[in-house]
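Here is the structure we will look at.
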Amino acid sequence: MTQDAAYHPAGAPTGASARRAPAPVEAAAPAGDSGRMRRVVVASSLGAVFEAYDLVLYGPMAAIIARTFFSGLDEAYAYVFALLSAAVSYLARPFGGLIFGRLGDLAGRKYAFLLTIVVMGGSTVLIGLLPCYAAVGIASPILLMSLRFVQGLAFGGEFGGAVTYIAEHASARNRGLATSAVGITMACGLILAILVVLACETLLGKAAFEAWGWRIPFLLSAVLMLVSVYMRLRLQESPLFLRMRSGGGLAKRPVREALGQWRYLRTGLLVLFGAVAGQSVATATGAYPIYLLMLNLKIDPFLLHYTILGYSTGLVACLIAAGWLSDRVGRKPVMLAGFIGTALVALPVFQAVTHRAHPALETAMAAHPVVVAADPAGCSRQFDPLGLAPFRTPCDVARRAVAKLGIPYETRAVEAGAPAQVLVGAAAVAAFDGRGMDKAAFDAGNAAFGRSLAAALSEAGYPARADPARTDVPALIGLLVLLNAFVALASAPLAAWMIELVPTRIRSTVLSLAYNLGGLFGGFFPAIAFSAFTATGSLYAGLWYATAVLAVSAAVAALFLPETRGRPLDAVA
């Protein structure tokens, strides 16, 4: 008998019969506990505000981050590295999950997520104090990446600790809604962060905000950290953890137990590929229009912020509804609907976003399509998420220059030896061969080629930026709410579903590992999508990756993961 079996309700079946028998439903929490439960949910969920801050500040402010910390690079590389500075935290999260998840199973849920909030908040504040590239050179991006990695470590332990703590206080009848509070708080954090950014831009002006005012939202996160620490210090330890500890049932080596026993490893792998990977990619897909609107469609920053503010408000409502629904019909059907729905509506929503945000671009594309005509033998795949490949052939120079301007294009093969050109309507701009050039000569050639290309595009009617008067913000908000309604279905039940599949003794470890490894699938989506656009010329090429991951997760979940609604947590062995 496992040590968790000691915590089964009296008369509960064990072994194979337990898997066949319907799980008993826990009683609802006493009404007098409602105030305590609210404190538990609010204090545990505040950490998600930092992640929401992070998402917002590395979305609309990616251009500022690129200019501030990566100004020594070519502009296209700077954007990729700005996106990668966000992805670096995803690389660190599995390690954070190991560290803080293990701590949560050994020392307690409260102490683990109290520590994560301090580490996370401190790192966010320090980012607001970092010197720029012009002041300290290469040390600036190195420090930024280092702090992003530390943030990732804290994020890695934050989610697992917070949702485990909430779930172990909540009754089975409202566990889906209670644990969805972490996602709901993140959406509220998006709203708060946008309001702070808008206030700073309005009070300081665009020039001052881009020069130094962008640091203020990072520094203000110190207030959120102090409030969260104060609230978490007042919390008591999880009752299930205390019962486990008093009965001598704590796992002595939770990581080894989680990874070394096949039944737990199998559950972790199924959760990873059948739930977390799909949820992570769905969330990234719902957020990627921020990058599309900023980098490719180039809408007015103020309009972008209002768009994010509007759809974030809708997302809050959708998450609440999805969490409530998962407590009524089950975790599995709600998440499957989210995976399938996100995959189906993403492409038409992205296309409609382009039309509503920048109709002049669509008009120019229809009248004078951009074509890169080059020998296919000289065209690389352009997939370079680390930004290290040289890309100096004429074909690569041409494609990267067009992509840097955010313009979709087609590729046309020409015979071997023919010069590479960018065709804009009747105009042709010849690309140069950068192989063998030193950096200074190559940079000068790139700059000259970029100017010639920009002039040809302007002559053909391609606007440099979206016209604010023609950007339909209400329609953009509606489209993003539609997409994120499915994202909410894929996200809100995740925590409850994972928790109900994993035993108490190793719950924090397994949750943190699975959640943060799965987060890699979504964490690199922006960089993958940008590289896919550069390689193909299609604004939507990266959606093939998202669709593939969502399809795999839906299949694994449908075939191998059970429904768990109503399952008592202390009956999970």
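The values are calculated or read from the model by the stated rules, or taken from the named source; none is laboratory data. Note that this is a predicted model, so its numbers are computed, not measured. Note: ideal-geometry Cβ built from the backbone for every residue, glycine included; neighbour counts use all protein chains shown.
Restricted to the stretch 507-544, and to residues that are touching a residue at least 24 places away in the same chain (Cβ under 8 Å) and not in a helix (DSSP H, G or I), which residue is surrounded by the most Cβ atoms within 10 Å (Cβ to Cβ)?
Gly542
If a residue counts only when it is assigned by TED's automatic domain parsing to the domain that holds Ala317, surrounded by fewer than 24 Cβ atoms within 10 Å (Cβ to Cβ) and out of contact with any Pro (no Cβ under 8 Å at 6 or more places or on another chain), which helices (runs of 4 or more DSSP H) contained entirely in the stretch 107-224 have at least 2 such residues? Spell out how you get there, then give the answer.
Numbers: elements: 109-127, 133-136, 139-167, 175-179, 181-204.
Those helices (runs of 4 or more DSSP H) span 109-127, 133-136, 139-167, 181-204.
Would you confirm whether any residue within the stretch 137-150 is over 30 Å from Leu405 (Cβ atoms), small (Gly, Ala, Ser) and either touching a Ser or Thr at 6+ places or on another chain (Cβ under 7 Å) or modelled with pLDDT of 75 or more (or both)?
Step one: filter the stretch 137-150 for residues over 30 Å from Leu405 (Cβ atoms), giving 139, 143, 146-147, 149-150.
From the residues that got through so far, the ones that are small (Gly, Ala, Ser) too are 139, 146.
From what's left, either touching a Ser or Thr at 6+ places or on another chain (Cβ under 7 Å) or modelled with pLDDT of 75 or more (or both): 139, 146.
Yes, the stretch 137-150 contains a residue that is over 30 Å from Leu405 (Cβ atoms), small (Gly, Ala, Ser) and either touching a Ser or Thr at 6+ places or on another chain (Cβ under 7 Å) or modelled with pLDDT of 75 or more (or both).
Could you tell me which of the residues Thr547, Thr504 is surrounded by 24 or more Cβ atoms within 10 Å (Cβ to Cβ) and within 30 Å of Asp327 (Cβ to Cβ)?
Numbers: Thr547 fails: surrounded by 24 or more Cβ atoms within 10 Å (Cβ to Cβ).
Testing whether each residue is surrounded by 24 or more Cβ atoms within 10 Å (Cβ to Cβ) and within 30 Å of Asp327 (Cβ to Cβ) leaves just Thr504.
Among (1) assigned by TED's automatic domain parsing to the domain that holds Ala485; (2) within 30 Å of Asp472 (Cα to Cα); (3) aliphatic (A, V, I, L, M); (4) surrounded by 22 or more Cβ atoms within 10 Å (Cβ to Cβ), there is one condition Val424 misses while meeting the rest; what is its number?
Unmet condition: (1).
Of the residues Ser553, Ser531, Ser538, only one is in the same structural domain as Arg93 (by TED's automatic domain parsing), of a type in the set (Gly, Ala, Ser) and at pLDDT 95 or above; which? If you could, list the steps in order and put the result at the bottom.
Details: Ser531 fails: at pLDDT 95 or above; Ser538 fails: at pLDDT 95 or above.
Within the list Ser553, Ser531, Ser538, the selection yields Ser553.
One residue is enough: does the stretch 422-440 have a residue meeting the conditions farther than 30 Å from His358 by Cβ and in a helix (DSSP H, G or I)?
Step one: of the stretch 422-440, the residues farther than 30 Å from His358 by Cβ are 433-440.
Next, from what is left, pick out any that are in a helix (DSSP H, G or I): 439-440.
So far as the stretch 422-440 goes, yes, one or more of its residues are farther than 30 Å from His358 by Cβ and in a helix (DSSP H, G or I).
Can you pull out the residues in the stretch 451-473 that are touching a residue at least 24 places away in the same chain (Cβ under 8 Å), in a helix (DSSP H, G or I) and not hydrophobic (A, V, I, L, M, F, W, C)? I'd like the intermediate steps shown before the answer.
Within the stretch 451-473, the subset touching a residue at least 24 places away in the same chain (Cβ under 8 Å) is 453-454, 456-457, 459-468, 470-473.
When the remaining residues are screened for being in a helix (DSSP H, G or I), the result is 453-454, 456-457, 459, 468, 470, 473.
Answer for the stretch 451-473, where residues must be touching a residue at least 24 places away in the same chain (Cβ under 8 Å), in a helix (DSSP H, G or I) and not hydrophobic (A, V, I, L, M, F, W, C): Glu459, Pro468, Arg470.
For Ser238, are the conditions met, namely being polar (S, T, N, Q), within 22 Å of the chain's Cα centre (by Cα) and assigned by TED's automatic domain parsing to the domain that holds Val329?
Values: polar (S, T, N, Q): yes; within 22 Å of the chain's Cα centre (by Cα): no; assigned by TED's automatic domain parsing to the domain that holds Val329: yes.
When the stated conditions are applied, Ser238 does not pass them.
Need pairs with beta-carbon distance below 8 Å; first residue without any contact (Cβ under 8 Å) to a residue 12 or more places away in the chain and within the stretch 265-278, second surrounded by fewer than 24 Cβ atoms within 10 Å (Cβ to Cβ) and part of a helix (DSSP H, G or I); sequence gap 6+ or separate chains.
Pairs that qualify, where the first residue is without any contact (Cβ under 8 Å) to a residue 12 or more places away in the chain and the partner is surrounded by fewer than 24 Cβ atoms within 10 Å (Cβ to Cβ) and part of a helix (DSSP H, G or I), are Leu265/Leu259.
List every residue pair whose Cβ atoms lie under 7 Å apart, where the two residues are 6 or more positions apart in sequence or sit on different chains, the first residue falls within the stretch 213-234 and is free of Cβ contacts under 8 Å to residues at least 24 places away in the same chain, and the second residue, located anywhere, is part of a helix (DSSP H, G or I).
Listed by first residue and then by second, the contacts come to Gly213/Cys200; Gly213/Leu204.
Assess whether Asp443 counts as being of a type in the set (Asp, Glu), assigned by TED's automatic domain parsing to the domain that holds Ala374 and part of a helix (DSSP H, G or I). If you could, list the steps in order and put the result at the bottom.
On the way: of a type in the set (Asp, Glu): yes; assigned by TED's automatic domain parsing to the domain that holds Ala374: yes; part of a helix (DSSP H, G or I): yes.
Criteria met by Asp443.
Please find, among Leu190, Leu130, the residue that is closer than 25 Å to Ala321 by Cβ and under 25 Å from the mean Cα position of the chain (by Cα). Even if it seems obvious, please write down each step before you answer.
Working: Leu130 fails: closer than 25 Å to Ala321 by Cβ.
On inspection, the qualifying residue turns out to be Leu190.
Out of Arg567, Arg505, which single residue is assigned by TED's automatic domain parsing to the domain that holds Arg331, closer than 19 Å to Met335 by Cβ and not hydrophobic (A, V, I, L, M, F, W, C)? Spell out the reasoning first.
On the way: Arg505 fails: closer than 19 Å to Met335 by Cβ.
After applying the criteria, what remains is Arg567.
Could you count how many residues in the stretch 47-64 are at pLDDT 75 or above and buried (at least 23 other Cβ atoms within 10 Å of the Cβ)?
As a first pass, look at the stretch 47-64 and keep what is at pLDDT 75 or above: 64.
Now narrow it down to the ones that are buried (at least 23 other Cβ atoms within 10 Å of the Cβ): none.
Count: 0.
Modelled with pLDDT under 95, farther than 20 Å from Gly338 by Cβ and not assigned by TED's automatic domain parsing to the domain that holds Tyr311: does that describe Arg451?
It is true that Arg451 is modelled with pLDDT under 95, farther than 20 Å from Gly338 by Cβ and not assigned by TED's automatic domain parsing to the domain that holds Tyr311.
Going through the stretch 261-286 one residue at a time, which ones are farther than 13 Å from Ala557 by Cα and either outside the structural domain of Gly160 (by TED's automatic domain parsing) or surrounded by 18 or more Cβ atoms within 10 Å (Cβ to Cβ) (or both)?
Tyr264, Ser280, Val281, Ala282, Thr283, Ala284, Thr285, Gly286
Residues that are out of contact with any Lys or Arg (no Cβ under 6 Å at 6 or more places or on another chain) and in a loop (DSSP other than H, G, I, E, B): does the stretch 310-317 have at least one? Please lay out each step first, then the result.
The first filter runs over the stretch 310-317 and keeps only residues out of contact with any Lys or Arg (no Cβ under 6 Å at 6 or more places or on another chain), leaving 310-317.
Remaining after also requiring in a loop (DSSP other than H, G, I, E, B): none.
No: zero hits.
Select from the stretch 525-573 the residues that are in contact with a helix residue (DSSP H, G or I) (Cβ under 8 Å, 6 or more places away or on another chain) and of a type in the set (Ser, Thr, Tyr) and write down the one among them that is nearest to Met498 (Cα to Cα).
Thr564
One residue is enough: does the stretch 345-368 have a residue meeting the conditions part of a loop (DSSP other than H, G, I, E, B) and more than 24 Å from Ala284 (Cα to Cα)? Before you say what the answer is, go through the steps one by one.
Filtering the stretch 345-368 for residues part of a loop (DSSP other than H, G, I, E, B) gives 358, 368.
Okay, now just the ones that are also more than 24 Å from Ala284 (Cα to Cα), so 368.
Within the stretch 345-368 (the criterion being part of a loop (DSSP other than H, G, I, E, B) and more than 24 Å from Ala284 (Cα to Cα)), the answer is yes, since at least one residue qualifies.
Just wondering, is there one or more residues in the stretch 546-553 that are more than 23 Å from Cys318 (Cβ to Cβ), touching a residue at least 60 places away in the same chain (Cβ under 8 Å) and part of a helix (DSSP H, G or I)?
Narrowing the stretch 546-553 to residues more than 23 Å from Cys318 (Cβ to Cβ): 548, 552.
Imposing the further condition that a residue be touching a residue at least 60 places away in the same chain (Cβ under 8 Å) reduces the set to 552.
In the following step, the residues that additionally are part of a helix (DSSP H, G or I) were identified as 552.
For the stretch 546-553, residues more than 23 Å from Cys318 (Cβ to Cβ), touching a residue at least 60 places away in the same chain (Cβ under 8 Å) and part of a helix (DSSP H, G or I): present.
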